[in-house]
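Novice: Sharing a structure, written as structure tokens. Questions coming.
The values are calculated or read from the model by the stated rules, or taken from the named source; none is laboratory data. Keep in mind that this is a model prediction, so the values were computed, not measured. Quick reminder, even Gly has a Cβ in these numbers, built from the backbone with ideal geometry, and neighbours come from all protein chains shown. What goes into the accessible areas is simple: the full protein's heavy atoms, side chains included, and nothing from ligands, DNA or RNA. Shrake-Rupley method; radii C 1.70, N 1.55, O 1.52, S 1.80 Å.
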Amino acid sequence: MFGRASAELARFMRDRADDEPVFDMLVVDEAHHLRNPDTQSNLLGRLLRPLAQHHVFLSATPIHLKSRDLFSLLALIDPETFRHPTALDEILDANRPLIEAREAALRGRPSGEIRALVSEAARHRLLAGTQQIATLLSDLDRLPDPIPLAERARLAGRLEGANLLANTVNRTRRRDVQELRVVRRVSAHRAEMSPLEREAYDAITAEVQQHAWRRDVPAGFLLATPQRLLASCLPAAVDHWRRHIVDAEAEDEDIAAESDVDTTSEIGLKPLVERLARICASLPPGRELERHDTKFATFLEVLREFFASDPEEKAVVFSTFRPTLRYLARRLEQAGIHCETIHGGTTERDAAISRFESNRELRVLLSSEVGSEGIDLQFCRTVINYDLPWNPMRVEQRIGRVDRLGQAADAVTVINLMHRGTIDDEIYRRLYERLGICERALGGFEAVLGEEIAKLTPELLTGALTPEQISQRIDQTSQAIENRLKLEEELEGEAAALIAHGDHVLRSIHTAHEMHRWIGARDLARYLSDALAALYPGSAIRDLDREDTYEIRLTSEARAAYVDWLQASRLPTGGRVERETGSLVCRFGRPIAGQRRVRAVETITQTHPLVRFVAARVAETDAPKLRPAVAARISSERVGAVAQISPGRYTILAMLCRFGGQVEQERIVYGGFALSDGTALADDDAERLLLIAAEAGTLWSEADALLDTTALADRCESDLLERLTERFLQEKATRKAEQDDRAAIQLRTLEQRLGAERGRLMALIDGQRREINSGSSRARRLTGILAANEGKLKRLEERATIRRAEIERGRMQTAQAEQLAVAIVEVVR
């Protein structure tokens, strides 16, 4: 049931459903939690959907076709198209020949076989008349047999784009991008309990188990909490129970999920804590327990070795329990290691993270899972688990704070601490290490792991099992998880009929990494330096030669123009770049993990207003023009590191293709040939050679005297320019077909939604008019409601008109190509 505040929010969302969108975009992370139509989460999704113009649902949970989870999510995104599960079944049926054609293309099958499959798809009522299918059929008629390798990849990408779910679902398997992931280096450090620790541990564990027997307590939450606090930090647990505190201040989602148990009841934790307090009172004083704390001693040794090997590095230390975090903070400070602490009760988390990141004296961040939720810690690359949640997904969430997009280190380090001979040690050896849980990103297998761990936990804590039986039971759970994961992967493999696996996108990502197709700090600094020097002579950017840090100096004319542009663009004008009259120290790009933070005024990235200002000025002044050819020389040793190109002389042409529409897109295409015999370079090799020559080549001043440049220019125009122009025209036709089909789908969906909403409002209006005309006692009140609904209908039609125009603008309006660069490159031994 909704609470009062929730009910008011729900009523507000329902009332606003017919009005202008409240949000530009609704982004739902972990969207698989919305898959059950009977849950409050799903209801929230249905209430939010009409309030946003665009919707993005993100989920790492594997999707397979034997469940209706996918349909439930699609019905939230596009309820008109996916009114009934049969709609998804029909789309999958229409996609089948396209996926088969795509696989045939990648296998190098004859073009006739591929064309037959595309023709089969064209006969399906959902694909009949689509521009992409027509263009594909036409192009397949012109392809040679066998189809060249590069053309196979492009054809596979086009077939993937013609898929009916291509505009709705973008799907990538985790294993397909493993090589792009950061490596995880995992180690375990086991402390040997002292006799005093073992005696205390065994006594408290026995009392927990006896409490369950005596009172017939369900073993999950009630027993797991004290047992895990004990395994986390014995001195902190003893101190906690000595003060008769029932709440263990655990910050674990698994514990929270079962917290509906009344901890103060007769079968709850309060009686157990009272008994534990009596046992703890008989133990040595806290100072003595701390002196014998072998786990902390092991932790401190690991930490000091780590800091000795990486003097500038920081570490993130996780614990589920606040008593443990407080204990560690005090002991670390005593040891001269300064730290910052965050947990679920920390109100100024951003400020704490900022202090930890910027203050070189703060070496350790102590955190709980809840305390770190939503926080990016990519500037660190080391995670230390002081205790281990029994559900591996909690550990994955911890590691995910540093192993996430933006982590620039090649590897992250994961250090796990435990006492030897405990349940935690058994779980780690027989479950974590066997399944490689810390080494691999678990992604969407949360449900699989959670279910099996939930079954295991009560059996480990009741005391009914011998140590040998405990080991056997953990092994059985590990095997069950392995079997479930294998089944999930098999079902996921069967989902190829869904949208293939985004291989075309993945190939683009791999190629971008290989070819360095991204803008780095030096690229950005060079661009700004050259542009500012040309636009505003006297402005300069100087490399300070330390960790992507540069000095920027703007002339008064440049600064005034920048401020005018900010004001015209309605952007804030209070930044240091526009206010300072002298030079400024700025970092270009984002900081890399492990780098020492350089105190700088601002961070300049591609989206910084200064970059956008310069780009706008360049666009205004840099009209398309023929750029002169350049000649460069580079060693074959330098080239051999990135491409298999023999020594010799080559001509390369780069062409910039622009495709206009609602969002303008650009693409650079490359072509080249050997001067010796006219052999064409592969497109990727032409790109590699041009980029490496620009990066590391030297000017070849003798080229003009040694070469017949007139004949070379004619050959370049007749061969390369013609070839690249043909590529441009093909790309233009392909993109136009894709955008026309997308517009057709969007218009169809718009009209379906408009018709349904118009019908609903008109039914309401007709009913209210009839009741008013009948002389109803509610006529006066209904008159106001009628006027409101008539206003909603009018606004609905107006929004539909605007949306139609937006969709039409989204079609490709213009397309143009211009010569970007011509280079003659000599590769010398």
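Novice: Please report the orientation-averaged projected area of segment 76-195, defined via the convex hull of its C-alpha atoms, in nm².
Specialist: Its average projected convex-hull area is 13.4 nm².
Novice: So how strong a dipole does segment 293-426 carry about its Cα centre when Lys and Arg Cβ are +1 and Asp and Glu Cβ are -1, to the nearest 20 debye?
Specialist: Using only the charged Cβ atoms, the result is roughly 300 debye.
Novice: For Lys270, which aspartates and glutamates qualify as cross-link partners when the Cα separation must be under 12 Å and same-chain residues fewer than eight apart are set aside?
Specialist: Output for Lys270: Asp247, Asp262.
Novice: Taking only protein heavy atoms and a 1.4 Å probe, what accessible area per residue, in Å², does segment 294-370 have with all protein chains in place?
Specialist: 42 Å²
Novice: On to the next question. Quick one: if the Förster radius is 25 Å, what FRET efficiency do Arg579 and Arg612 give, using the C-beta to C-beta distance and rounding to 0.05? The partial results should precede the final answer.
Specialist: Details: r = 18 Å, r/R0 = 0.72.
It comes out at approximately 0.90.
Novice: Here is a further query. Residue separation times 0.36 nm, minus the C-alpha to C-alpha distance between Glu722 and Val27: what's the value? If you can, show how the numbers build up before the last one.
Specialist: On the way: separation 695, 0.36 × 695 = 250.20 nm, distance 4.44 nm.
Here the answer is 245.8 nm.
Novice: Then there is this: Among 385-391, 643-649, 111-117, how do they line up by average Cβ neighbours within 10 Å per residue, starting with the highest?
Specialist: The peptides rank, most packed first, as 385-391, 111-117, 643-649.
Novice: Something else about it: When the accessible area of segment 756-829 is computed with all protein chains present and a 1.4 Å probe, what percentage of it is carbon and sulfur?
Specialist: On the way: 2360 of 4430 Å².
Of all accessible area on segment 756-829, carbon and sulfur atoms account for 53 percent.
Novice: If the chain between Ser635 and Val828 were fully stretched, how many nm would it gain, using 0.36 nm times the residue separation less the Cα-Cα distance?
Specialist: Here the answer is 69.0 nm.
Novice: How large is the accessible surface per residue of segment 1-151, computed with a 1.4 Å probe and reported in Å² as a whole number?
Specialist: The answer is 55 Å² per residue.
Novice: Any idea what the dipole of segment 71-182 comes to, in debye rounded to 20, about its Cα centre with Lys/Arg Cβ at +1 and Asp/Glu Cβ at -1?
Specialist: Around 320 debye, computed over segment 71-182.
Novice: Sort 146-158, 419-431 by packing, meaning the average of other beta carbons within 10 Å per residue, with the highest value first.
Specialist: Details: 146-158: 17.0, 419-431: 19.2.
Answer by packing, highest mean first, reads 419-431, 146-158.
Novice: Quote the FRET efficiency, to the nearest 0.05, computed for Thr621 versus Thr466 with a Förster distance R0 of 51 Å and r equal to the Cβ-Cβ distance. Intermediate results must be reported in sequence, preceding the final value.
Specialist: Details: r = 82 Å, r/R0 = 1.60.
The computed FRET efficiency comes out at 0.05.
Novice: A follow-up question, please. From the square roots a ≥ b ≥ c of the eigenvalues of the alpha-carbon gyration tensor of segment 685-744, which class results: rounded (a/c under 1.5), prolate (a/b over b/c), or oblate?
Specialist: Values: a/c = 5.68, a/b = 2.09, b/c = 2.72.
The shape class here is oblate.
Novice: For segment 77-177, with all protein chains present and a 1.4 Å probe, just round the carbon and sulfur fraction of the accessible area to a whole percent.
Specialist: 51 percent
Novice: So, by mean Cβ neighbours within 10 angstrom, what's the order for 778-789, 467-478, 734-745 with the highest one leading?
Specialist: 734-745, 467-478, 778-789
Novice: Carbon-plus-sulfur fraction of the accessible area of segment 606-735, 1.4 Å probe, in percent?
Specialist: Details: 3650 of 7030 Å².
For segment 606-735, the apolar C and S fraction of the accessible surface comes to 52 percent.
Novice: Further, regarding this structure: Averaged per residue, what accessible surface does segment 750-829 expose to a 1.4 Å probe, in Å²?
Specialist: 59 Å²
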